[in-house]
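The values are calculated or read from the model by the stated rules, or taken from the named source; none is laboratory data. The structure displayed is predicted, hence computed values, not measured ones. FYI the Cβ positions are ideal-geometry reconstructions off the backbone, even for glycines, and counts take in every protein chain you see.
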Amino acid sequence: MRVNILGITINTYSMPETVEKIRLAVEGRAKLRIVTANPEMIYASGSNQRLKNLINSADVVTADGIGVVWAARRLGTPVQERVTGIDLLQALFPVAHAQKWRVFFLGGKPGIAQRAGSHVAQKYPGIIWGESNGYFSLAEESQVIEKIHNFQPDILFVGLGAPRQEYWIAEHSELATVCMGVGGSFDALAGNVVRAPKRVQEFQLEWLYRLWKEPWRWKRQSVLPRFVIKVLWQKFVRTSQNV
């Protein structure tokens, strides 16, 4: 099932269901493009038709963040839970380890993807991995593409920031069986960014913790009130039409 939030259709899968869908895709060599849609991306798609089409054409669109979970519940089709990029990454690693998947990390500043891959491999040595940083020029892009192509990944994680990573994946989805944008997740995997304590995550206040640790994010977080207003308006219009 999917729920329409401001014109973006979000899958209602739980985390285990999402992981299982990816596992089946890798085993069956069935191409899968995944978008983890947060409120900022959904709001931006309202004035960017190309982005909206790109998200809605993905095979799986997850609810990345408590704001999306709230919106889905408010609009009458609840998602089972939030499925963020970083949480989905970490849920996939045990499966990738057991199945000896080939995983490629693309993105981040020089050295970040390398460090992220090393940390993951220490805990999950069954994973075969490759990496490349995200600071490549247009002239260097062909070399990056060739490196990924030669590696032949089962999963390609792209951390180029949204929506650049979504555009890039859509253009190069043939490079892996499963492709997924992961934003700044490599920084967390590399240990450069510390996630909120588990208790804070359980209370669904990770966004507030990140704002406290990174005050510069307030400009991005300012989208949230506008997102809420648009969701409430969507609910109002739908209700009015049904009267």
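The table below gives the values:
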| read-out | value |
| --- | --- |
| Of the criteria (1) at pLDDT 95 or above; (2) touching a strand residue (DSSP E or B) at 6+ places or on another chain (Cβ under 6 Å); (3) within 28 Å of Phe236 (Cβ to Cβ), which one Ile34 fails | (3) |
| Close pairs from the stretch 6-18: first farther than 15 Å from Arg74 by Cβ, partner of a type in the set (A, V, I, L, M) and surrounded by fewer than 18 Cβ atoms within 10 Å (Cβ to Cβ), Cβ under 9 Å, at least 6 apart | Asn11/Met1; Tyr13/Met1; Met15/Ala91; Pro16/Ala91; Thr18/Ala91 |
| Flag if Gly181 is surrounded by 17 or more Cβ atoms within 10 Å (Cβ to Cβ) and either among the aliphatic types (A, V, I, L, M) or at pLDDT 95 or above (or both) | yes |
| Conditions (1) surrounded by fewer than 17 Cβ atoms within 10 Å (Cβ to Cβ); (2) closer than 27 Å to Asp187 by Cα; (3) at pLDDT below 95; (4) of a type outside the set (Ser, Thr, Tyr); number of the one not met by Pro78 | (2) |
| Sole residue being assigned to a strand (DSSP E or B), buried (at least 23 other Cβ atoms within 10 Å of the Cβ) and within 18 Å of the chain's Cα centre (by Cα), chosen from Val83, Val103 | Val103 |
| Members of the stretch 19-29 found to be out of contact with any helix residue (DSSP H, G or I) (no Cβ under 6 Å at 6 or more places or on another chain) and surrounded by 13 or more Cβ atoms within 10 Å (Cβ to Cβ), listed by number | Glu20, Lys21, Ile22, Ala25, Val26 |
| Residue in the stretch 20-49 that is nearest to Gly67 (Cα to Cα), counting only those that are part of a helix (DSSP H, G or I) and touching a Pro at 6+ places or on another chain (Cβ under 9 Å) | Met41 |
| From the options Ser132, Ser142, Ser118, Ser137, residue that is in contact with a strand residue (DSSP E or B) (Cβ under 6 Å, 6 or more places away or on another chain), of a type in the set (Gly, Ala, Ser) and free of Cβ contacts under 8 Å to residues at least 60 places away in the same chain | Ser132 |
| Conditions (1) under 19 Å from Leu89 (Cβ atoms); (2) modelled with pLDDT of 70 or more; (3) surrounded by fewer than 12 Cβ atoms within 10 Å (Cβ to Cβ): number failed by Val194 | (2) |
| Residue identified as surrounded by 17 or more Cβ atoms within 10 Å (Cβ to Cβ), within 18 Å of Ile66 (Cα to Cα), modelled with pLDDT of 90 or more and aliphatic (A, V, I, L, M) among Val223, Val231 | Val231 |
